[in-house]
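Encoded as structure tokens, the structure appears first; notes follow it.
Please treat every number below as a calculation from the coordinates, not as lab data. All values reported here derive from a predicted model rather than from experimental measurement. All Cβ positions, even for glycine, are placed from backbone atoms using ideal geometry, and neighbour counts span all protein chains on display.
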Amino acid sequence: MAEKRLKKEEIERRKNHAKVLFTRDGVTTIKELSFQVGISEKTIGKWINEEGWQKLQKNFLLTREQEMANMLDELAELNKHIKNKPEGMRFADSKEGDVRRKLTKDIKELETSANLPETIHVCKSVLDFIRKIDLTEAQKFSKYIDSYIKSQLS
């Protein structure tokens, strides 16, 4: 079956979707990934190997949690430093204020970027639950879940 030529942006969206399914949701068969994202098995295999998705799969959650902990520790350390200044000087100078703003922004960004993978995980869990009850309904419902996930990736 000949595939229609996809635009670069659409390929990138599908690649990101496949990466999330592989690294976070445990969809590890190339055939299933290919089916779910609409990309050839050969291309999926190439992405997995060239970009080291196996490593990401093992380290994704731990890395995110470690990064969050590190940033929160940095912010606490900065606030402690400011509080330990002499009375009348207990405020952030321009450099400290800039660091605090950037840390706060990065923390918020990390929190919100985690929402999509977690949403995908929940959708997959719901689909697995339905699959145990009624496979036909699960197949119908999976079309809606896939569409929803694709809409969130764009």
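Structure above, values below:
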| item | result |
| --- | --- |
| Whole-Å distance, taken between Cα centres, linking the range 26-45 and the range 82-148 | 25 |
| Sequence of ARG131, ARG24 once ranked by neighbouring C-beta atoms within 10 Å, starting from the fewest | ARG131, ARG24 |
| Exposure proxy ranking, count of Cβ atoms within 10 Å, fewest first, for LEU56, LEU135 | LEU135, LEU56 |
| Under the span-like rule (Cα at least 18 Å along the axis, Kyte-Doolittle mean at least -1.0), DSSP H helices of the chain | 53-83, 115-133, 135-153 |
| Pairwise FRET efficiency - TYR144 versus LEU103, Cβ, R0 = 30 Å, nearest 0.05 | 0.20 |
| Residues SER34, SER40 arranged by fewest to most Cβ contacts within 10 Å | SER40, SER34 |
| Value of relative contact order over the chain, rounded to a whole percent, pairs C-alpha under 8 Å and six or more apart | 24 |
| Bins of 5 Å from zero: percent of alpha-carbon pairs in the chain | 1, 8, 14, 15, 15, 12, 9, 7, 6, 5, 4, 2, 1, 0, 0 |
| Set LYS15/LYS132; LYS7/LYS46; LYS8/LYS108; LYS7/LYS108 screened for pairs whose C-alpha atoms are more than 25 Å apart | LYS15/LYS132; LYS8/LYS108; LYS7/LYS108 |
| Simple spin-label estimate for LYS8 and LYS95 in nanometres, 7 Å along Cα-Cβ | 4.0 |
